[in-house]
1. Search region 149-163 for residues being assigned to a loop (DSSP other than H, G, I, E, B) and within 12 Å of the chain's Cα centre (by Cα), and hand back the single one that is nearest to His5 (Cα to Cα).
2. So Asp12 fits all but one of (1) surrounded by fewer than 15 Cβ atoms within 10 Å (Cβ to Cβ); (2) among the charged types (D, E, K, R); (3) within 24 Å of Ala127 (Cα to Cα); (4) in contact with a strand residue (DSSP E or B) (Cβ under 8 Å, 6 or more places away or on another chain); what number is the exception?
3. In region 145-181, what count of residues is obtained for those that are under 22 Å from Leu29 (Cα atoms), out of contact with any helix residue (DSSP H, G or I) (no Cβ under 6 Å at 6 or more places or on another chain), surrounded by 15 or more Cβ atoms within 10 Å (Cβ to Cβ) and not β-branched (Val, Ile, Thr)?
4. If you go through region 94-116 one residue at a time, how many are of a type outside the set (Asp, Glu) and out of contact with any Leu (no Cβ under 8 Å at 6 or more places or on another chain)?
5. Output the qualifying pairs, or none if there are none: Cβ atoms under 6 angstrom, residues six or more apart or on different chains, first residue in region 38-51 and within 14 Å of Val129 (Cβ to Cβ), second residue assigned to a loop (DSSP other than H, G, I, E, B).
6. Among what's in region 40-55 and is assigned to a strand (DSSP E or B) and β-branched (Val, Ile, Thr), pick the residue that is farthest from Ile68 (Cα to Cα).
Amino acid sequence: MEPKHLKIDQLDFEILISHRELDKRVTELADQISLDYQGKVPIFVGVLNGAIIFLSDLIRKLTVECEIDFIKISSYGNKRISSGAITMIKDFSADLHGRDIIVVEDIVDSGLSVAYLKKRIESMKPASVKFVSLLVKKDCAVVPLNIDYMGFEIENKFVVGYGLDVAQKKRNLKAIYQIKE
């Protein structure tokens with residue numbers, strides 16, 4: 001059982017989504033994706049570093065074959081608020097041409113990274129491109145959000161755990177915590 005409250009760098013956090021709730025929702029997402037991709041072999045593209053835990057849990061629950069690739073972009077650095085400028089740190093390794101692509105995000109807020117990735121992937125002429133995000137902060141969108149598979153919709157609060165970090169730390173927490181105000 002995870003603690004209900006945490007103190008991280010003098011900030012107070014409270015549990016937002018338990019490990020049990022995460023596991024249940026990831027299973028539901030995997031079931032839906034498996035149904036939608038029967039007879040196909042999609043490439044899951046994990047957006048590093050935050051999506052690694054979600055991606056690994058998600059693909060282990062699939063009933064369809066898949067491949068994985070990783071990219072790394074940044075709009076945060078070590079800050080808690082996005083700068084809005086997207087920087088590509090690690091590019092795609094796989095050939096996406098003619099393939100079904102599912103981009104795996106840990107959290108979507110402004111939607112700028114999704115828009116950036118969608119445009120970049122579509123330029124590679126895939127068969128399809130869809131997005132799955134564990135968390136979506138709907139009230140933060142500055143561009144239309146096109147998330148095909150969404151785990152949880154949350155308020156605009158800073159969150160940590162289950163892959164989400166504070167200055168590259170606390171990704172290993174089994175639950176997701178939000179900053180307590």
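The values are calculated or read from the model by the stated rules, or taken from the named source; none is laboratory data. None of the values given here were measured: they were computed from a predicted structure. Every residue, glycine as well, gets a Cβ built from its backbone with ideal geometry; the counts of neighbours run over all protein chains shown.
1. First pass over region 149-163, keeping only residues assigned to a loop (DSSP other than H, G, I, E, B): 154-158, 162-163.
Checking the rest, the ones that are also within 12 Å of the chain's Cα centre (by Cα) come to 162-163.
Numbers: Tyr162: 15, Gly163: 18 Å.
The extreme case among them is Tyr162.
2. In the conditions (1) surrounded by fewer than 15 Cβ atoms within 10 Å (Cβ to Cβ); (2) among the charged types (D, E, K, R); (3) within 24 Å of Ala127 (Cα to Cα); (4) in contact with a strand residue (DSSP E or B) (Cβ under 8 Å, 6 or more places away or on another chain), Asp12 misses (3) alone.
3. Filtering region 145-181 down to residues under 22 Å from Leu29 (Cα atoms) leaves 145-155, 159-164, 171-177.
Those still in the list that are out of contact with any helix residue (DSSP H, G or I) (no Cβ under 6 Å at 6 or more places or on another chain) too: 145-148, 150, 152, 154-155, 159-161, 164, 171-173, 176-177.
Adding the requirement that they be surrounded by 15 or more Cβ atoms within 10 Å (Cβ to Cβ) leaves 145, 147-148, 150, 152, 154, 159-161, 164, 171, 173, 176-177.
This time we only want the ones that are not β-branched (Val, Ile, Thr), so: 145, 148, 150, 152, 161, 164, 171, 173, 177.
Qualifying residue count, region 145-181: 9.
4. Within region 94-116, the first condition is being of a type outside the set (Asp, Glu), and the residues that meet it are 94, 96-99, 101-104, 107-108, 110-116.
Add one more test, that the residue is out of contact with any Leu (no Cβ under 8 Å at 6 or more places or on another chain), and what stays is 94, 96-99, 101-102, 110, 112-113, 115-116.
Count: 12.
5. Sorted first by the residue in region 38-51, then by its partner, the pairs are Pro42/Cys66; Ile43/Ala94; Ile43/Arg99; Phe44/Cys66.
6. Going residue by residue through region 40-55, those that are assigned to a strand (DSSP E or B) are 43-48.
Going one step further and asking which of them are β-branched (Val, Ile, Thr), we end up with 43, 45, 47.
Values: Ile43: 5, Val45: 6, Val47: 11 Å.
Going through the qualifying residues, I end up with Val47.
Residue-by-condition table, conditions (1) assigned to a loop (DSSP other than H, G, I, E, B); (2) within 17 Å of the chain's Cα centre (by Cα):
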| residue | (1), (2) |
| --- | --- |
| Asp12 | no, no |
| Leu22 | no, yes |
| Arg25 | no, yes |
| Ala30 | no, yes |
| Leu35 | no, no |
| Gln38 | yes, no |
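Yes/no matrix, rows are residues, columns are (1) at pLDDT below 95; (2) surrounded by 13 or more Cβ atoms within 10 Å (Cβ to Cβ); (3) of a type in the set (D, E, K, R); (4) in contact with a strand residue (DSSP E or B) (Cβ under 9 Å, 6 or more places away or on another chain):
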residue: Ile17; (1), (2), (3), (4): no, yes, no, yes
residue: Ile33; (1), (2), (3), (4): no, yes, no, yes
residue: Ser56; (1), (2), (3), (4): no, yes, no, yes
residue: Ser75; (1), (2), (3), (4): yes, yes, no, yes
residue: Met88; (1), (2), (3), (4): yes, yes, no, yes
residue: Ser93; (1), (2), (3), (4): yes, no, no, yes
residue: Val103; (1), (2), (3), (4): no, yes, no, yes
